[in-house]
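Participant: Provided herewith is a single structure, encoded as structure tokens, for subsequent inquiry.
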Amino acid sequence: MRVLVIGSGGREHALVWKLSQSPEVTKLFCAPGNGGIGELAELIDIGAEDIEALAEFAESKDIDLTVVGPEATLAKGIVDLFEKRGLRIFGPTKAAARLESSKAFAKNLMKKYRIPTGQFAVFDDPQAARAYVRQLGAPIVVKADGLCGGKGTIVAHTLSEALGAIDLLMEDKIFKQAGERVVIEERLVGEEVSCIVVTDGIAALPMLPAQDHKRLHDGDKGPNTGGMGAYAPAPIIDGPMAKQVMEQIIMPTIHAMTSEGLGFTGVLYAGLMLTSEGPKVLEYNVRFGDPEIQAILPLLKSDLVPILDDAVEGRLSTTQCQWLQASCACVALASGGYPGDFQIGKEISGLDRLANRKDLMVFHAGTKKDRERFLSGGGRALNVVGVGTDLEAALKTAYEAIGAIRFDGMTYRKDIGFRALKKPVAR
Ligand code: AMP
Ligand code: GLY
């Protein structure tokens, strides 16, 4: 099978790494990929959102299966285009991807089908939005309706913060069209968890539950980032809670999409808050979580190809999936200054000493290969992933490996997994 993966981050490196182990894969391409991915797949110089060029490529190279990493590519309608051209692709259609690309669509769907989520209202008029937040008061959450690369949500602790967020989104239009409509939402309190399934629109195959760390600094402090680390499985999701999430959230969402005539194939990722009233949906994503999937795939014993293939073919109800009885921790190594201004092009040393280990993977988030050297090429350069018998062992492996890696300005969190360990990791 000839497989194309679309994207260029740690998520796509993890996907390529797992797919490269499949006996079914004869040739692997990644567009556009990164330095690390280039070690396992042939890199194709086509942007992840250039869907016409990607379809041309897939057709000309007889690609049997395309796997999409980023949401923006799905929201552009790559699945519709590929299907029209008779090309096999794993993911939701443009209309179904609205679960992620329109928060108003997602919230209205949850309301209609009684899927647990916070109270909310949708506004196109800034005056009305301001009146609503004045009426409800802070804390309150203001969200841009459209895709903003994870930056469109403001959890406002004061009324003036909430009013400021409405100004930024609706008047200053910092995210252009994506923020012209806003969702204003009740602030939920609890622990967050990422519940990710693969679905063919009828059955759902759960991946291990994971938790990510979005904030830059230890203790979940500082600005939000694309993700500073993750771990799986998240012990807070025990057997009964996993069952509750499937019965009250995942399956009702899939059925709701069918009832709406949209259907849903691909990855359904429910970002949940575990509140005192039970799990409630914060957001849906329609692709694998990054960095979560980097902590999930190393624990997947089964071949990923039949799972994705069965989802595309609508025969997932009989698909089995086996997991290692172990834990996995992923720690992101970022460039100094990230998520603000940062410099790239710094030489990374120490990676050669970490190659070919079963308990350790280094997934590249943003690197370039320059002759035999890797250079940093993004806000987050690398994700160091350790596997161990428990989370503590997995973290120890990851952090020991980090000790061997150097690049100018390298920063990382020292407390990944602290919620599951119940105390900061001493090192
Ligand atoms: P979202 O843009 O919906 O993915 O939200 C990004 C982050 O904002 C989430 O991971 C939560 O940490 C936080 N968040 C979003 N919605 C809420 C809410 N209703 N209550 C509390 N925190 C929220
Ligand atoms: N880790 C959060 C996300 O993938 O959206």
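Readers should treat all values here as calculations from the given coordinates under stated rules, not as data from a laboratory. Predicted, not measured: the structure shown is a model, and the values here were computed from it. Reconstructed Cβ throughout: ideal geometry from the backbone, glycine too, with neighbour counts over all protein chains shown.
Participant: How many angstrom separate the Cα center of segment 80-119 from the Cα center of segment 286-302?
Facilitator: When both Cα centres are located, 21 Å separates them.
Participant: Can you give the FRET efficiency to the nearest 0.05 for K61 and E39, using r as the Cβ-Cβ distance and R₀ = 25 Å?
Facilitator: According to the calculation, E is roughly 0.80.
Participant: Then there's this: Which order, highest average first, do 275-282, 291-298 follow once you tally other Cβ atoms within 10 Å for each residue and take the mean per peptide?
Facilitator: Those peptides, ordered most packed to least, come out 291-298, 275-282.
Participant: While we're here: Set the Förster distance to 22 Å, then compute FRET efficiency between L168 and R215 from the Cβ-Cβ distance, nearest 0.05.
Facilitator: Computed FRET efficiency for L168 and R215 comes out at 0.65.
Participant: Looking at the square roots a ≥ b ≥ c of the eigenvalues of the Cα gyration tensor of segment 1-62, which shape do they give, rounded for a/c under 1.5, prolate if a/b is larger than b/c, or oblate?
Facilitator: Oblate, because a/c is 1.5 or more while a/b does not exceed b/c.
Participant: Moving on to the next point. Which residue, K27, K112, K18, has the most motion in a Gaussian network model of the chain that connects Cα atoms within less than 10 Å?
Facilitator: K112
Participant: Determine the dipole magnitude for segment 1-135: charges of +1 sit on the beta-carbon of Lys and Arg, -1 on that of Asp and Glu, nothing else is charged, the reference point is the Cα centre, and the result goes in debye to the nearest 20.
Facilitator: 980
Participant: Sticking with this one: With an 8 Å Cα cut-off and a minimum separation of 6 or more residues, compute the relative contact order for the chain in percent.
Facilitator: The value is 16 percent.
Participant: How far apart, in nm, are two points set 7 Å out from the Cα along the Cα-to-Cβ line at E52 and at N224?
Facilitator: In this crude spin-label approximation the distance works out to 3.3 nm.
Participant: Students often get this wrong: which residues of segment 29-58 have the backbone nitrogen under 20 Å from the point 7 angstrom along Cα-to-C-beta of Q177?
Facilitator: In segment 29-58, the label zone of Q177 (backbone N under 20 Å from the point 7 Å along Cα→Cβ) covers 48-53.
Participant: Simple spin-label model, 7 Å along Cα-to-Cβ: Q325 to R371 in nm?
Facilitator: Rounded to a tenth, the inter-label distance reads 5.0 nm.
Participant: For segment 341-400 and segment 129-188, what is the separation of their C-alpha centers, rounded to whole Å?
Facilitator: So the separation of the two Cα centres works out to 36 Å.
Participant: Just want the answer: with Cβ charges of +1 for Lys and Arg and -1 for Asp and Glu, which residue in A203, V183, G229 is farthest toward the dipole's positive end in the chain?
Facilitator: Sorting the options by dipole projection puts first G229.
Participant: Right, something else. Go ahead and estimate [θ] at 222 nm for the chain from helices alone: -39,500 (n - 2.57) per DSSP H run with n ≥ 4, summed, over the residue count, rounded to 500.
Facilitator: Theoretical 222 nm ellipticity from helices: -7000 deg cm²/dmol.
Participant: Per 0.36 nm of contour for each residue apart, how much would the distance between R406 and S302 grow if the chain were fully extended, relative to their Cα-Cα spacing?
Facilitator: Gain on stretching R406 to S302: 34.1 nm.
Participant: Taking 0.36 nm per intervening residue step and subtracting the Cα-Cα distance, what contour gain separates E83 from Q244 on full extension?
Facilitator: Gain on extension, E83 to Q244, equals 54.5 nm.
Participant: While we're looking at this one, here's another question. Cross-link list K107/K422; K173/K243; K301/K414; K112/K301: which exceed 31 angstrom alpha carbon to alpha carbon?
Facilitator: K107/K422; K173/K243; K112/K301
Participant: Neighbouring Cβ atoms within 10 Å as the yardstick, rank C321, C195, C330 fewest first.
Facilitator: Ascending number of Cβ neighbours within 10 Å: C321, C195, C330.
Participant: Here is a follow-up. Considering Cα pairs under 8 angstrom that are at least six residues apart, work out the relative contact order of segment 358-427 and quote it in whole percent.
Facilitator: Contact order relative to length: 23 percent.
Participant: Can you tell me which aspartates and glutamates have their Cα less than 15 Å from the Cα of K369? Leave out same-chain residues fewer than eight positions away.
Facilitator: Those aspartates and glutamates meeting the cut-off are E39, E42, D45, E347, D352.
Participant: Give me the dipole magnitude in Debye, nearest 20, for segment 247-354 about the Cα centre, with unit charges on the beta carbon: positive for Lys and Arg, negative for Asp and Glu.
Facilitator: Charge dipole, segment 247-354, about its Cα centre: 200 debye, nearest 20.
Participant: Next question. So what is the relative contact order for segment 68-225, in percent, with contacts set as C-alpha pairs under 8 Å and at least six apart?
Facilitator: That works out to 17 percent.
Participant: Using the Cα centre of the chain as the reference point, and only Cβ charges (+1 on K/R, -1 on D/E), how large is the resulting charge dipole? Debye, rounded to the nearest 20.
Facilitator: 760
Participant: Rounded if a/c is under 1.5, else prolate if a/b beats b/c, else oblate: with a ≥ b ≥ c from the C-alpha gyration tensor eigenvalues square-rooted, which is the chain?
Facilitator: rounded
Participant: Projected onto the charge dipole of segment 1-143 (+1 at Lys/Arg Cβ, -1 at Asp/Glu Cβ, origin at the Cα centre), which of A97, F120, L81 gives the Cα projection farthest towards the positive end?
Facilitator: Farthest towards the positive end: F120.
Participant: Here's something else I'd like to know. Using a ≥ b ≥ c from the Cα gyration tensor of segment 186-333 (square roots of the eigenvalues), is it rounded, prolate or oblate, where a/c under 1.5 gives rounded and otherwise the larger of a/b and b/c decides, a/b for prolate?
Facilitator: In terms of gyration-tensor shape, oblate.
Participant: Then there is this: Choose one of L316, L354, I249: the residue whose Cα lies farthest towards the positive end of the charge dipole of the chain (beta-carbon charges +1 Lys, Arg; -1 Asp, Glu; about the Cα centre).
Facilitator: Sorting the options by dipole projection puts first L354.
Participant: N356 to K414: extension gain in nm, 0.36 nm per residue of separation minus the Cα-Cα distance?
Facilitator: The span from N356 to K414 would gain 18.4 nm if fully extended.
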